[in-house]
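**Student:** Pasting a structure below so you can have a look.
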Amino acid sequence: MENLLLTATLESGDYVGFTFFIGSMAMLAATVFFFLEMKSVSGKWRTSLLVSGLITLIAAVHYYYMRDFWVENKTSPTEFRYIDWILTVPLMCVEFYLILKSFGAKKSLLWKMIFYSVWMLVTGYLGETVYRESSAIWGAISSLGYLGIFYEVWFGSAKRLSKNSNNPTLQKAFNSLAWFIFAGWAIYPIGYMTIEGGLLHGVLPSESMDIIYNIGDAINKIGFGLVIYSLAINSKKEEASV
Ligand SMILES: *C/C=C(C)/C=C/C=C(C)/C=C/C1=C(C)CCCC1(C)C
C-alpha cells in the first residue's frame, strides 16, 4: 500500500527487478529513436521504421506494468508477458513481409508466419499456466510453430524471395534477421525450460526465467529494429548514388 504513488521500491540484489527497469527504459529509448528517425528515411521505409517503433513501444508499456507487478508480487508477470508477445511477434513477421514485398512477397506468406507465431505463443502460454504440470509437452508443441518460422526464413519461400532479389543490401539485412530468429529467439525456450518439469529446472535458479526473457526481448526487439533501420539508411544511400 505504500506504493500508491508508484514509487516502486527496488531492493539491492533483485536482479530480475533490475532487468525489468532496464528493459522498460531501453524499450522507451529505442521507440523514441525509431520514431524520430522516420524522417531521415524515404517512402516505404517509413512504414518499416514505424513498425519497429510500435514493437518497442508496445514492449515499453508492458515492461512498465511488468516492472510494477514484479516489485509488488515478486512473481512472474506471465499474462503481461504473453499479451506483449502476441502483439509484437506478429509485428516482427510484418517486418519480414514489408522488406520482401517489393520482391514479390504475397500476403499468404505473412499470414503463414503469423499463424506459426500465434500457435507458438498460445501453446507456450498454456504450458506455462493452465497445464504447467505437462509444460514439456506444450513446449514441444509450441516449438513446432517456432520451427515453422525458422523454416520459412532459412529455407522456405521468404528465403527464396530474398535470394532472388539480387539486392545485396536487402540480402544482408534479411540474413541478419534470420540469425535473430535462429539465435535470438532460441533464448526463449531456455527460459521456458527452467519451470518445473523442464530440462533446466534445478540447473538454473527459478527466477532466471524472467531474466532470460528480459534479455531475449531487449536483444530481439531492439536488434530487429536496428537491422531494419540500417537497411533503410543503406537503401537510401544506394538510391542517392544511382
Ligand atoms: C519480442 C518477443 C519475442 C521475439 C518473443 C519470442 C518468443 C519465442 C520465440 C518463444 C518461444 C517458445 C518456444 C519455442 C517453446 C516454449 C514456449 C515459448 C513460447 C517460450
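**Student:** On the given criteria, is residue 99 β-branched (Val, Ile, Thr), open to solvent by 20 Å² or more (accessible area, probe 1.4 Å) and at pLDDT 95 or above? Before you say what the answer is, go through the steps one by one.
**Tutor:** On the way: β-branched (Val, Ile, Thr): yes; open to solvent by 20 Å² or more (accessible area, probe 1.4 Å): no; at pLDDT 95 or above: yes.
Answer is no for this residue.
**Student:** Scan the stretch 70-80 and give yes if some residue there is under 30 Å from residue 147 (Cα atoms), of a type in the set (A, V, I, L, M, F, W, C), open to solvent by less than 60 Å² (accessible area, probe 1.4 Å) and part of a helix (DSSP H, G or I), otherwise no.
**Tutor:** Just the residues of the stretch 70-80 that are under 30 Å from residue 147 (Cα atoms), to begin with: 75-80.
Then drop every residue that is not of a type in the set (A, V, I, L, M, F, W, C), which leaves 80.
Add one more test, that the residue is open to solvent by less than 60 Å² (accessible area, probe 1.4 Å), and what stays is none.
Within the stretch 70-80 (the criterion being under 30 Å from residue 147 (Cα atoms), of a type in the set (A, V, I, L, M, F, W, C), open to solvent by less than 60 Å² (accessible area, probe 1.4 Å) and part of a helix (DSSP H, G or I)), the answer is no, since none of the residues qualifies.
**Student:** Taking the conditions exactly as written (touching a strand residue (DSSP E or B) at 6+ places or on another chain (Cβ under 9 Å), open to solvent by 20 Å² or more (accessible area, probe 1.4 Å) and within 11 Å of the ligand (Cβ to nearest atom)), does residue 212 satisfy them or not?
**Tutor:** On the way: touching a strand residue (DSSP E or B) at 6+ places or on another chain (Cβ under 9 Å): yes; open to solvent by 20 Å² or more (accessible area, probe 1.4 Å): yes; within 11 Å of the ligand (Cβ to nearest atom): yes.
When the stated conditions are applied, residue 212 passes them.
**Student:** A follow-up question, please. Report whether or not residue 178 is away from the ligand (no atom under 11 Å from the Cβ), free of Cβ contacts under 8 Å to residues at least 40 places away in the same chain, open to solvent by 30 Å² or more (accessible area, probe 1.4 Å) and among the small types (Gly, Ala, Ser). Give the derivation first.
**Tutor:** Numbers: away from the ligand (no atom under 11 Å from the Cβ): yes; free of Cβ contacts under 8 Å to residues at least 40 places away in the same chain: yes; open to solvent by 30 Å² or more (accessible area, probe 1.4 Å): no; among the small types (Gly, Ala, Ser): yes.
So residue 178 does not fit the description; no.
**Student:** For the list (1) in contact with a Leu (Cβ under 9 Å, 6 or more places away or on another chain); (2) touching a residue at least 24 places away in the same chain (Cβ under 8 Å); (3) closer than 30 Å to residue 237 by Cβ, I need the number of the one condition that residue 38 fails.
**Tutor:** (2)
**Student:** Among what's in the stretch 81-96 and is within 10 Å of the ligand (Cβ to nearest atom) and of a type in the set (Phe, Trp, Tyr), pick the residue that is surrounded by the fewest Cβ atoms within 10 Å (Cβ to Cβ).
**Tutor:** Per the criteria, the residue is 82.
**Student:** Being open to solvent by 30 Å² or more (accessible area, probe 1.4 Å) and either more than 9 Å from the ligand (Cβ to nearest atom) or not in a helix (DSSP H, G or I) (or both): is that true of residue 225 here?
**Tutor:** Values: open to solvent by 30 Å² or more (accessible area, probe 1.4 Å): no; either more than 9 Å from the ligand (Cβ to nearest atom) or not in a helix (DSSP H, G or I) (or both): yes.
Against the criterion (open to solvent by 30 Å² or more (accessible area, probe 1.4 Å) and either more than 9 Å from the ligand (Cβ to nearest atom) or not in a helix (DSSP H, G or I) (or both)), residue 225 does not qualify.
**Student:** Hey, any hits in the stretch 184-204 for a residue that's under 25 Å from residue 32 (Cα atoms), crowded, with 16+ Cβ neighbours inside 10 Å and modelled with pLDDT of 95 or more? So that I can check it myself, show each step before the final result.
**Tutor:** First pass over the stretch 184-204, keeping only residues under 25 Å from residue 32 (Cα atoms): 184-185.
When the remaining residues are screened for being crowded, with 16+ Cβ neighbours inside 10 Å, the result is 184-185.
Filter once more, so that each one left must be modelled with pLDDT of 95 or more: 184-185.
Yes, because at least one residue in the stretch 184-204 is under 25 Å from residue 32 (Cα atoms), crowded, with 16+ Cβ neighbours inside 10 Å and modelled with pLDDT of 95 or more.
**Student:** Which residue, of 158, 140, is more than 16 Å from the chain's Cα centre (by Cα), crowded, with 21+ Cβ neighbours inside 10 Å and not charged (D, E, K, R)?
**Tutor:** On the way: 140 fails: crowded, with 21+ Cβ neighbours inside 10 Å.
Only one candidate qualifies: 158.
**Student:** Restricting attention to the stretch 114-133, report how many residues are open to solvent by 30 Å² or more (accessible area, probe 1.4 Å) and touching a residue at least 60 places away in the same chain (Cβ under 8 Å).
**Tutor:** The number of residues fulfilling the criteria is 2.
The values are calculated or read from the model by the stated rules, or taken from the named source; none is laboratory data. Just so it is clear, the model here is predicted, and its values are computed rather than measured. Note that we place each Cβ from the backbone using ideal geometry, even for glycine, and neighbour counts take in every protein chain shown. We work out accessible area using only protein heavy atoms, side chains counted, and drop any ligands, DNA or RNA first. Shrake-Rupley method; radii C 1.70, N 1.55, O 1.52, S 1.80 Å.
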